[in-house]
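Input: a single structure, listed below in structure tokens.
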Amino acid sequence: MGSNTFGRAFRVTTWGESHGKAIGAVVDGCPAGLSLSENDIHQEMSVRRGGRSPLTTPRKEPDDVEILSGVYEGKTTGAPISLIIYNRDIDSSKYGPIQHLMRPGHANFTYLEKYGIFDPRGGGRASARETACRVAAGAIAKKILVHHGIHAITYLKELSDVKASISDRISYTNYHTASICPDEQALCLMKEKIEHAKVQNDSLGAVIESQFFHLPKGLGDPIYEKLEALIASAMLSIPACKGVEFGAGFKAAAMRGSEHNDIFCLNDTGSVVTETNHSGGVLGGISNGMPLVFRVSMKPTSSIAIPQPTLSMNKESQILTLPEGSRNDPCVAIRAIAVVEAMASIIIADSLLMNRLSRL
Ligand SMILES: Cc1cc2nc3c(=O)[nH]c(=O)nc-3n(C[C@H](O)[C@H](O)[C@H](O)COP(=O)(O)O)c2cc1C
């Protein structure tokens with residue numbers, strides 16, 4: 001199974017299956033001298049963890065990350081950083097009765113077609129449990145970003161017909177990272193919608209928005225490794241992510257040039273900025289110093305308790321009924337907030353390091 005590694009200078013490899021003994025990540029290329037503790041990583045993990053709220057899966061993983069290598073006396077040494085998370089809250093009994101069925105919206109059909117073998121316990125490698133490793137590695141990337149003065153906010157922007165209204169003045173300084181959405185009124189409505197879908201044994205999708213502030217100008221390479229291309233690829237590698245847009249995004253298609261063009265001007269300190277940010281902080285694939293703004297569309301959770309018609313692996317018509325007590329997120333986007341921010345942080349940390357090669 002290929003492609004378990006990504007990044008160029010800051011390279012992340014993840015390994016492990018949902019119901020295996022452990023999962024983990026190896027981060028190669030982290031510069032020496034970064035202060036790093038397990039506690040730094042645990043803070044990020046708590047945002048992604050399930051079992052904290054009725055809006056997420058009841059699977060209660062402590063997600064304790066152990067650092068096995070690459071750190072000495074609280075500082076990175078430049079050697080590979082190996083992270084391990086033991087799987088503790090495992091219940092594989094639920095998968096036996098349904099493992100001969102193609103699960104709508106899931107990866108078991110395509111994995112079986114490709115590899116001829118599939119670990120059905122909790123979805124194996126296809127499980128979003130793997131995203132815990134991305135958040136752990138992302139915590140290290142975020143420390144590099146903070147060192148460069150870069151901060152991020154990530155939240156639910158849209159859910160069903162509820163749209164969060166986020167003030168332009170919102171910034172990381174007045175934003176609580178564990179919040180699902182800074183618009184309290186919209187958050188209440190979103191919670192109601194999720195509870196309602198849950199009662200109906202159904203699930204919901206959502207749009208997540210992320211903003212990264214104080215990126216230096218110059219990140220990203222102009223042709224095949226445009227900053228948008230790298231971020232989009234990272235986002236689309238997140239399970240259940242079905243779309244990405246930057247700045248004005250798909251709305252740009254309905255705008256005029258006179259409306260969409262971001263006009264250059266000087267700010268109070270004499271730096272070149274733009275009056276608007278329809279480009280989402282990237283021009284020609286290169287960061288322009290404005291906030292990097294993008295949104296991702298997350299599909300509704302595939303595992304629902306409503307019985308659904310399907311096929312068995314022998315191609316016979318069947319009804320898929322999830323076993324009583326199956327544990328699923330009614331809206332995966334909530335836990336994906338931390339994953340989106342982690343993946344973008346890794347891409348930006350990688351781009352910061354790569355940018356050292358750009359000129360004398
Ligand atoms: C944080 C997170 C949690 C998820 N939890 C679930 C879940 O509880 N149940 C489920 O059916 N899918 C869940 N997913 C999505 C599936 O992993 C994903 O839809 C599936 O592997 C098929 O991949 P695809 O949707 O990218 O095609 C989750 C995704 C993320 C990012």
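The values are calculated or read from the model by the stated rules, or taken from the named source; none is laboratory data. Every value quoted in this text rests on a predicted model; they were computed, and no experiment measured them. All Cβ positions, glycine included, derive from the backbone under ideal geometry; neighbour counts span all protein chains shown. We work out accessible area using only protein heavy atoms, side chains counted, and drop any ligands, DNA or RNA first. Shrake-Rupley method; radii C 1.70, N 1.55, O 1.52, S 1.80 Å.
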- Any chance region 346-354 includes a residue that's away from the ligand (no atom under 16 Å from the Cβ), open to solvent by less than 50 Å² (accessible area, probe 1.4 Å) and part of a loop (DSSP other than H, G, I, E, B)? no
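Only one of these is aliphatic (A, V, I, L, M) and farther than 13 Å from F294 by Cβ: A229, A248, A234, A253. Name it.
Answer to the check: A253.
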- Which one of these does I304 not meet: (1) more than 18 Å from A240 (Cβ to Cβ); (2) among the hydrophobic types (A, V, I, L, M, F, W, C); (3) open to solvent by less than 30 Å² (accessible area, probe 1.4 Å)? (1)
- Query: When you go through (1) assigned to a helix (DSSP H, G or I); (2) in contact with a Lys or Arg (Cβ under 9 Å, 6 or more places away or on another chain); (3) at pLDDT 95 or above one by one for G105, which number turns out not to apply?
  - Reply: (1)
- Just for strands (runs of 3 or more DSSP E) wholly inside region 174-278: which have at least 1 residues that are of a type outside the set (S, T, Y) and under 26 Å from K142 (Cβ atoms)? 206-213, 241-246, 272-274
- Every listed condition ((1) within 16 Å of the ligand (Cβ to nearest atom); (2) touching a His at 6+ places or on another chain (Cβ under 8 Å)) holds for A305 save (2)
- Message: Among the residues of region 321-344, are any more than 15 Å from the ligand (Cβ to nearest atom) and modelled with pLDDT of 95 or more?
- Response: no
- Could you give me the residue pairs with C-beta distances under 6 Å whose first residue belongs to region 114-132 and is within 19 Å of R88 (Cβ to Cβ) and assigned to a loop (DSSP other than H, G, I, E, B), whose second residue is modelled with pLDDT of 90 or more and open to solvent by 40 Å² or more (accessible area, probe 1.4 Å) wherever it lies, and which are 6+ apart or on separate chains? D119/E17
- Query: Since S237 meets every condition but one in (1) more than 16 Å from the ligand (Cβ to nearest atom); (2) surrounded by 11 or more Cβ atoms within 10 Å (Cβ to Cβ), which condition does it not meet?
  - Reply: (1)
- Looking only at region 140-158, which residues are in a helix (DSSP H, G or I) and open to solvent by 60 Å² or more (accessible area, probe 1.4 Å)? V146, H147
- Note on the structure: Within region 250-297, the residues that are touching a residue at least 60 places away in the same chain (Cβ under 8 Å) and among the polar types (S, T, N, Q) are S287, N288, S297
- Query: Just one of V273, V296 is more than 16 Å from the ligand (Cβ to nearest atom) and more than 16 Å from P104 (Cα to Cα); which is it?
  - Reply: V273
